[in-house]
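Here the structure is laid out as structure tokens; the discussion comes afterwards.
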Amino acid sequence: MTSQDHASSVPLVVASDHDDDPVDVDYSELLGTDRLPPLRLPSPAELVDAARDSPLLTAVRVLAQWVGEGRPVDEDTAQLSEADAAAAARKLIERGLLPPSDDDARMRELMQLWELANALGFVEVVDTTAVAGAAVDEWAEGDEDTVLGMWAQAFTSLCAWSLTFDAACLGVPELPLHGAGATVLPLFMAREKGVPLAALDEMVHETAALDGSESEDASFEEAWRVWVDAYGRPARVLYERLRWLGAVTIADGLVRLTPLGLFALWSEIEQEVDIPLLPPLEEMTAADVVAVTLLGSDEQVEAEWDAWRSRRTATQAAAELAAAASVGGPGERTAATTLLHRLGAEVDDVWWTLLDEPSLRPYAKQVLSERHGDKPEFALTDDDVAWLIADMYCDVDVDDPPEGIGDLLASTMRRGEERVFDVLWRLEHPGTWEVLSVFGRHHPDKAVAKAARKAAFKVESLR
């Protein structure tokens, strides 16, 4: 079984509040992309072991076992009596399962555990009696889907309502903290880099202030002050709970998702955003390394490259990268040849063979010229230059180009070199029209831009 098999069990992370249904989120729009770097996750068995080691869910299960065959609860609130709550707290303290803090804070966290136990089915309340639920045994004996689904539900629950529950208990239910859980999304984007806790705290405040400004209640700042005076900064409270769950780590002021946290978010987001899962290291292919190189952070690229490279000789690595470059698109060609270049002169034989492949010949000429001097056979033709330009610019959004595109285009094509456009529009390259359109609209030299537009028109006329 792979991690993909668990995806259907994970609910939405961003919810409106404790009682309402989750808000349906368009993740591709929210994240501003429909493709993210590949992700490496532990095996499902390792994820299950990590889930069962969660201190918070261990506390929830111990609380449910303490409830056992029946404890009385309030008919209106379904809460334990003060005496039973104190007894439950003592039980958890004996096991080291309540965070070290003052008595008030411990009782507040006990109430959070009680709510979570109800939400996950560890405790079931019927009329005025609470009993241990089926989840007590399912957590210990359930299959991978069951355990990971329960852990993910706990993650979702804490993100969705734990802070709003605090606000209600404090008497400021109007404080709009239901959006605080959405701050886990920047963590997913940041991956191993993490996000400063101070930045997350600012995000929570900004989100709450925005929601508060939409309310007719003008007391947001006062409610916020009451909450902070009583409990501290909301982001710290939330992320300490998520650390207790095993969803994040907090070190040196940086918050990072654990593999479990990454898995839970991946399971939801990948339904709308392409986020490939990397195979085990022993099964990694050149295509996998190229995919990481295209989208991954520098740290991820280096880690995956080193792991992949250590399992094969330079010659084997070069042959696999050349094969990946041959069948890939422009981005894959660029990434694969960049990695191939890192293998050094000992794999030059592979570069010589690439001189016979039109799509890779320009790259091979550049590398061989660098290593063996400016020989006639390494001189770039207009066709070679046109192909390199097409590969370089075919993925640029003509309507929303990156900052500084004009300077980049000017450095690529100077006035007097427009003859390359006459070659480019004839290329059997999938991005010729897009590339010429980028030059035609964004090149700062009017003559060059005009020549590009003329060439783009010729491509359009052949479609």
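Antiparallel versus total DSSP beta bridges in the chain: what percent is that, nearest 5? Working shown, then result.
Working: 14 of 16 bridges.
If we restrict to bridges inside the chain, about 90 percent are antiparallel.
Rounded to the nearest 0.05, what FRET efficiency do Leu462 and Ser28 give with R0 = 25 Å and r taken as the Cβ-Cβ distance? Could you check? Intermediate results must be reported in sequence, preceding the final value.
Values: r = 33 Å, r/R0 = 1.30.
Computed FRET efficiency for Leu462 and Ser28: 0.15.
Among the lysines, which have Cα under 30 Å from the Cα of Lys375 when same-chain residues fewer than 8 positions away are ignored?
Lys365
Using the 10 angstrom Cβ neighbour count as an exposure proxy, how do Val273, Val62 rank, fewest first? Working shown, then result.
Details: Val273 17, Val62 20.
Neighbour counts put them in this order, fewest first: Val273, Val62.
Tell me which residues come under 5 Å, amide H to amide H, from Val248 once H is placed; ignore anything under 5 positions away on its chain.
Correct list: Arg243, Thr258.
So what is the calculated 222 nm ellipticity per residue for the chain, using -39500 (n - 2.57) for each DSSP H run with n of 4 or more, over all residues, to the nearest 500 deg cm²/dmol? Don't skip to the end; give the middle numbers.
On the way: 23 runs with 273 residues, N = 463.
So the helix-based figure for the chain works out to -18000 deg cm²/dmol.
Can you pull out the chymotrypsin sites (Phe, Trp or Tyr not before Pro) in region 407-463 whose DSSP state is coil and whose Cβ has at most 16 other Cβ atoms within 10 Å?
Details: sites: Phe421, Trp425, Trp433, Phe439, Phe457; in loops: Trp425.
Those that pass, being in a loop and sparsely packed, number zero.
Return one quarter of the surface area of the convex hull spanned by the alpha-carbon atoms of region 106-259, equal to its mean projected area, in nm². Kindly include the intermediate steps, with their values, before the conclusion.
Values: hull surface 42.5 nm².
Over every viewing direction, the Cα hull of region 106-259 projects on average to 10.6 nm².
If you project the alpha carbons of the chain onto their three principal axes, what span does each projection cover, largest first, in Å?
90, 54, 40
State to the nearest 20 debye the size of the charge dipole of region 22-121 about its Cα centre, where the only charges are +1 on K and R beta carbons and -1 on D and E beta carbons. List each step's numbers first, then the result.
On the way: 10 positive and 19 negative charges, 111 e Å.
So the magnitude is around 540 debye.
Between region 377-420 and region 131-170, how many Å separate their Cα centres?
54
From the residues Pro401, His442, Gly416, which one has its Cα farthest along the dipole of region 384-462 in the positive direction, the dipole being from +1 and -1 charges on Cβ of Lys/Arg and Asp/Glu about the Cα centre?
Going by the Cα projections, it comes out as Gly416.
Suppose every Lys and Arg Cβ carries +1 and every Asp and Glu Cβ carries -1, with no other charges. What dipole size does the chain come out with about its Cα centre, to the nearest 20 debye? Could you put the intermediate results ahead of the total?
Details: 38 positive and 86 negative charges, 425 e Å.
Around 2040 debye, computed over the chain.
If you average the alpha carbon positions of region 246-278 and of region 55-83, how far apart do those two centres end up, in angstrom?
The two parts, judged by their Cα centres, are 31 Å apart.
Name the residue farthest towards the positive end of the dipole of the chain from the options Gly149, Gly296, Met111, assuming +1 on Cβ of Lys and Arg, -1 on Cβ of Asp and Glu, about the Cα centre.
Of the listed residues, the answer is Gly296.
Only four residue types carry charge here, +1 at the Cβ of Lys and Arg and -1 at the Cβ of Asp and Glu. Report the dipole size of region 384-462 about the Cα centre in Debye, rounded to the nearest 20.
Values: 10 positive and 15 negative charges, 116 e Å.
Computed charge dipole of region 384-462: roughly 560 debye.
Can you list the HN-Hα couplings for region 69-86, worked out from phi with the Karplus curve (6.51, -1.76, 1.60; θ = phi - 60°), rounded to whole Hz and with x for Gly and Pro?
Ordered by residue, 3J(HN,Hα) equals 7, x, 9, x, 10, 5, 5, 8, 9, 6, 9, 5, 5, 4, 5, 5, 4, 5 Hz.
Which angle between 0 and 90 degrees, to the nearest 10, do you get for helix 432-442 versus the longest principal axis of the chain when only C-alpha atoms count?
With rounding to tens, the tilt is 80 degrees.
Under a cut-off of 16 Å between alpha-carbon atoms, report the lysines in cross-link reach of Lys193, not counting same-chain residues fewer than 8 places apart.
Result set, ordered by chain and number: empty.
So, in nm, how far is label Leu380 from label Ser101 when the simple model puts each one 7 Å beyond its Cα toward the Cβ?
About 6.1 nm separates the two model spin labels.
Which loop-located GluC sites (Glu not before Pro) does region 265-306 contain, where loop means any DSSP state but H, G, I, E or B and the Cβ has at most 16 other Cβ atoms within 10 Å? List each step's numbers first, then the result.
Working: sites: Glu268, Glu270, Glu272, Glu282, Glu283, Glu299, Glu302, Glu304; in loops: Glu270, Glu272.
For GluC sites (Glu not before Pro) across region 265-306 that sit outside H, G, I, E and B with at most 16 neighbouring Cβ atoms in 10 Å, the list reads Glu272.
Can you list the GluC sites (Glu not before Pro) in region 381-440 that are in a DSSP coil and have 10 or fewer other beta carbons within 10 angstrom?
Values: sites: Glu403, Glu417, Glu418, Glu428, Glu434; in loops: Glu403, Glu417, Glu418, Glu428.
Answer by residue number: Glu403, Glu428.
Please state the shape class of region 281-359: rounded when a/c is under 1.5, otherwise prolate if a/b exceeds b/c and oblate if not, all from the C-alpha gyration tensor. Please report the intermediate quantities before stating the final value.
Values: a/c = 1.86, a/b = 1.30, b/c = 1.43.
It comes out oblate by the Cα gyration axes.
Per residue of region 183-193, what does 6.51 cos²θ - 1.76 cosθ + 1.60 with θ = phi - 60° give for ³J(HN,Hα)? Whole Hz please, x for Gly and Pro, Karplus curve as stated.
6, 6, 5, x, 5, 5, 5, 6, 6, 5, 6
Which far-off residues, 5 or more places away or on another chain, put their amide H under 5 Å from the one on Leu277, with H placed in the peptide plane?
Under 5 Å from the amide H of Leu277 lie the amide H atoms of Leu39, each far enough along the sequence or on another chain.
Below 9 angstrom from the Cβ of Ala287, what's the summed charge of the other residues (Lys, Arg +1; Asp, Glu -1)?
Working: positive: none; negative: Asp288, Glu320, Glu332.
Net charge in that neighbourhood comes out at -3.
I'd like the Karplus ³J(HN,Hα) series for region 419-431: coefficients 6.51, -1.76, 1.60, θ = phi - 60°, whole numbers in Hz, and an x wherever there's a Gly or Pro.
Ordered by residue, 3J(HN,Hα) equals 4, 4, 4, 5, 7, 4, 5, 8, 5, 8, 10, x, x Hz.
Classify region 3-268: rounded, prolate or oblate, from the alpha-carbon gyration tensor (a ≥ b ≥ c, eigenvalue square roots; a/c under 1.5 rounded; otherwise prolate if a/b is larger than b/c)? Before the final figure, lay out each step's value.
On the way: a/c = 1.65, a/b = 1.11, b/c = 1.48.
It is oblate, given that a/c is not under 1.5 and a/b is not larger than b/c.
Values in this text are rule-based calculations from the coordinates and carry no lab data. Model, not experiment: these values are computed from the prediction. Neighbour counts are summed over all protein chains in view; Cβ atoms, including those assigned to glycine, are modelled from backbone coordinates with ideal geometry.
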